[in-house]
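Notes for the one structure printed next.
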Amino acid sequence: MKMGIPKEIKNGEFRVALTPNRVTELVNSGHQIYVEKSAGLGSGFSDSMYEAAGAVVLERAIDIWNVDLVVKVKEPLPQEYQFLRPQLGLFTYLHLAGEPELANVLLKENVRAIAYETVALPDRSLPLLAPMSQIAGRVAMLFAAHFLQKNCMGEFAGRGKLLGGISGIEQGRVIIIGGGNVGRHAAQVALGLGAEVVIFDQYESCLMSLDKAFHGALRTKLYRPEQLKKLLPTCDVLIGAVLVAGEHAPALMSREMIASMQPGSLFVDVAIDQGGMSETSRVTSYDQPTYIEEGVIHCCLPNLPASVAQSSTEALGFATFPYIKALADKGLDIAIEECSALMSGVNTWDGILKHEGVAKALLRN
Ligand SMILES: NC(=O)c1ccc[n+]([C@@H]2O[C@H](COP(=O)([O-])OP(=O)(O)OC[C@H]3O[C@@H](n4cnc5c(N)ncnc54)[C@H](O)[C@@H]3O)[C@@H](O)[C@H]2O)c1
């Protein structure tokens with residue numbers, strides 16, 4: 001199979017879909033791999049490393065897309081829509097719930113698009129979203145601790161609160177909504193910084209597993225709007241970490257709730273890639289990662305793992321490679337037919353919207 005690895009062009013994106021050692025494995029299995037010039041540089045992989053691995057490095061993006069399967073990290077951007085064509089295989093994060101325009105283009109161009117984030121195992125876990133969520137949770141807390149400081153963002157000044165406090169000086173309070181991969185890893189970093197942590201989730205089983213894992217170091221609460229509303233005026237950092245696979249993020253935060261938070265407190269809406277969980281959330285970029293609404297600093301980066309591209313590229317490849325190899329070795333049709341996880345990853349196929357959650361989200365738009 002001919003496979004293309006484009007250079008990611010989203011703002012602040014430095015990840016790459018395949019590392020040179022994975023390329024070698026695919027080349028040894030008889031596949032032809034085309035890598036766009038400089039695609040791996042941001043993750044520490046030079047063009048000569050890809051060439052040594054057996055890939056052909058090409059200058060022009062258009063040539064990279066002229067293959068059977070394009071493997072990427074982030075969704076195609078409008079500049080890349082011109083490369084989409086019928087029966088092109090595309091394996092990448094898509095997050096179509098937050099990208100209705102892209103969904104229409106993929107359908108119109110009859111692209112066979114498989115989204116990493118909806119590849120689901122029989123226990124409904126999401127093996128290709130999980131590693132990036134774990135990293136995003138950690139990075140979200142590091143960003144929050146940074147932006148809470150004065151002098152970090154010019155006019156966007158944080159409260160000037162040290163999350164861990166010191167002896168006799170109160171620590172900061174972090175509220176996390178959603179106790180899955182993002183939530184857990186954000187909690188781990190927040191606790192490491194010495195903050196007080198409260199996690200809300202809709203499922204008791206999730207809260208029980210958090211209590212067990214953290215040995216009572218954080219507080220867990222069943223999600224109830226009244227409970228959350230009581231705590232919001234006391235928190236320094238709010239992390240949005242909810243997900244219903246494929247669907248638009250549940251809208252749990254109203255403008256009024258955001259306004260009840262302290263001026264200069266931080267809201268990191270990690271769920272922004274699925275449309276965001278607050279009325280006040282809108283996508284930001286690394287050029288301007290924050291904005292203020294109702295006195296609260298909002299950070300809504302849809303690609304938090306990009307800031308630690310080297311770790312993220314390794315972690316992503318570790319998770320995606322078995323699926324990439326199956327798609328390459330068997331061809332898209334057979335690989336998908338034989339693997340229910342890949343089947344649930346199919347979002348669009350020859351003009352048909354295939355994922356129920358995504359379809360629901362798009363109807364909402
Ligand atoms: N911004 C980024 O860079 C980035 C990176 C990775 C993941 N994400 C996003 O972060 C979000 C969370 O991902 P995850 O992997 O942690 O998901 P997950 O499935 O592991 O966890 C989500 C949690 O949200 C809870 N939840 C869902 N609806 C709820 C509700 N109405 N009330 C209370 N709790 C609710 C679920 O019970 C679950 O425990 C997703 O939108 C994901 O796409 C963003």
Completion exercise
Okay, helices (runs of 4 or more DSSP H) sitting entirely in the range 251-339 with 1 or more residues that are in contact with a strand residue (DSSP E or B) (Cβ under 7 Å, 6 or more places away or on another chain) and closer than 21 Å to Phe143 by Cα, I get 255-259
Problem - Some residue of the range 44-59 being closer than 17 Å to Glu13 by Cα, without any contact (Cβ under 8 Å) to a residue 12 or more places away in the chain and in a loop (DSSP other than H, G, I, E, B) - result: yes
Fill in the blank from the handout: Conditions (1) farther than 15 Å from Gly183 by Cβ; (2) away from the ligand (no atom under 15 Å from the Cβ) -> His248 fails only (2)
Handout entry: Selected residue (only one of Leu316, Leu301, Leu327 is within 12 Å of the ligand (Cβ to nearest atom) and outside the structural domain of Met257 (by TED's automatic domain parsing))
Key = Leu316
Completion exercise
Restricting the range 117-132 to residues that are surrounded by fewer than 24 Cβ atoms within 10 Å (Cβ to Cβ) and assigned to a helix (DSSP H, G or I), the one nearest to the ligand (Cβ to nearest atom) turns out to be Ala130
Fill in the blank from the handout: Of those in the range 83-105 that are more than 17 Å from Pro302 (Cβ to Cβ) and touching a Phe, Trp or Tyr at 6+ places or on another chain (Cβ under 9 Å), the residue surrounded by the most Cβ atoms within 10 Å (Cβ to Cβ) is Phe91
Fill in the blank from the handout: Subset of the range 199-229, residues closer than 19 Å to Gln188 by Cβ and among the charged types (D, E, K, R), comes to Asp201, Asp211, Lys212, Arg219, Lys221
Problem - Index of the failed condition, Met141 passing every other in (1) closer than 15 Å to Val268 by Cα; (2) within 11 Å of the ligand (Cβ to nearest atom) - result: (2)
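Residue by residue, here is whether (1) among the hydrophobic types (A, V, I, L, M, F, W, C); (2) touching a Lys or Arg at 6+ places or on another chain (Cβ under 9 Å); (3) closer than 22 Å to Pro289 by Cβ; (4) in contact (Cβ under 8 Å) with a residue 40 or more places away in the chain holds:
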| position | (1), (2), (3), (4) |
| --- | --- |
| Gly178 | no, no, yes, yes |
| Phe214 | yes, yes, no, no |
| Thr234 | no, yes, no, yes |
| Leu238 | yes, no, yes, yes |
| Ala245 | yes, yes, no, yes |
| Ala259 | yes, no, yes, no |
| Gln262 | no, yes, yes, yes |
Practice task
Could you identify the single residue in Ser307, Ser311 that is surrounded by fewer than 22 Cβ atoms within 10 Å (Cβ to Cβ) and farther than 29 Å from Gly264 by Cα?
Solution key: Ser311
Practice task
Tell me which residues, restricted to the range 328-365, are touching a residue at least 40 places away in the same chain (Cβ under 8 Å), farther than 12 Å from Ala113 by Cα and touching a helix residue (DSSP H, G or I) at 6+ places or on another chain (Cβ under 9 Å).
Solution key: Ala328, Asp329, Ala341, Gly357, Val358, Lys360, Ala361, Leu362, Arg364, Asn365
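Give Val16, Val35, Val70 a once-over and let me know the one that is buried (at least 18 other Cβ atoms within 10 Å of the Cβ) and in a loop (DSSP other than H, G, I, E, B).
Val16
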Exercise for the section: Kindly check whether there is at least one residue in the range 312-332 that is within 25 Å of Val174 (Cα to Cα) and polar (S, T, N, Q). Expected result: yes
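The values are calculated or read from the model by the stated rules, or taken from the named source; none is laboratory data. The model shown is predicted, which means the values in this text are computed figures rather than measured ones. Neighbour counts are summed over all protein chains in view; Cβ atoms, including those assigned to glycine, are modelled from backbone coordinates with ideal geometry.
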